[in-house]
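A short write-up of the structure that comes next.
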Amino acid sequence: MNTKIILPIAFLLSLCILAAAVFMVVKTRNLPHSTPSDMMSSMEPDMNNQTTIDPKILQPTTVPIMKNEIVLVIDTPLNGSTVSENSVVIQGTTASKAEVFVNDATAIADINGKFSVTVELDEGENPIIIVVNDSMGNTAEAEMKVTYDSGTESN
C-alpha cells in the first residue's frame, strides 16, 4: 500500500484509540466509589446465561464544560456585613494585572493579583458586584451585599 494512504489512516486510528481511552478514564472517574470487584459482584447471569450489569453502577456521566474563569477572592468586607461609614474598601485577590470592576469603580490588580477599591454606600443595603478579567479574556464575578447604617434614624 501507499504510505500516503497508510499514514492518515494510522493517525485517525490512533485518535480513535486516544478518544476511547479518555472516555473510559472520564467514565470510571465519575463512578460512585466502586471498584472492579464491586462491578463484578453486581453482574448476574440472566435466564439465557448472559451477564447483565446493575444499571445503578454504570450511569451516564456529565463531563463539566470548562469556562474561562479566573480566581476571584474577596477578603473584605464580609458578605452581608453592616458598616457605619458611607464607604467601604473592597479588597481581594485575582489574576496578576487583571482589570477589576466594582460597581462603578475600576482598578487594576497588582503583580500579585491584589486589589483594593473604595465604593460609596447609600443608607441601607447596598448590592456590590465585582467583575474581573485578564488579558486572555478570562473572567470571574462575585456579588455581595453590604449594609450602611449611619446610626441616625430617619423619620
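Residue under question is residue 107, and the condition is that it be in contact with an Asp or Glu (Cβ under 6 Å, 6 or more places away or on another chain), more than 16 Å from residue 149 (Cβ to Cβ) and small (Gly, Ala, Ser); does it hold?
Numbers: in contact with an Asp or Glu (Cβ under 6 Å, 6 or more places away or on another chain): no; more than 16 Å from residue 149 (Cβ to Cβ): yes; small (Gly, Ala, Ser): yes.
No: the conditions fail for residue 107.
Quick test of your reading of the structure: residue 97 fulfils all but one of (1) in a strand (DSSP E or B); (2) among the charged types (D, E, K, R); (3) under 24 Å from the mean Cα position of the chain (by Cα). Name the failing condition by number.
(1)
May I ask you to verify whether residue 85 is of a type outside the set (A, V, I, L, M), in a strand (DSSP E or B) and more than 18 Å from the chain's Cα centre (by Cα)?
On the way: of a type outside the set (A, V, I, L, M): yes; in a strand (DSSP E or B): no; more than 18 Å from the chain's Cα centre (by Cα): yes.
Judged against the criteria, residue 85 is not a match.
What's the number of the only condition in (1) more than 14 Å from residue 82 (Cα to Cα); (2) polar (S, T, N, Q); (3) crowded, with 16+ Cβ neighbours inside 10 Å that residue 135 fails to meet?
(3)
Bear in mind that the values in this text are calculations on the coordinates, not laboratory data. Everything quoted here is computed from the prediction, not taken from an experiment. Reconstructed Cβ throughout: ideal geometry from the backbone, glycine too, with neighbour counts over all protein chains shown.
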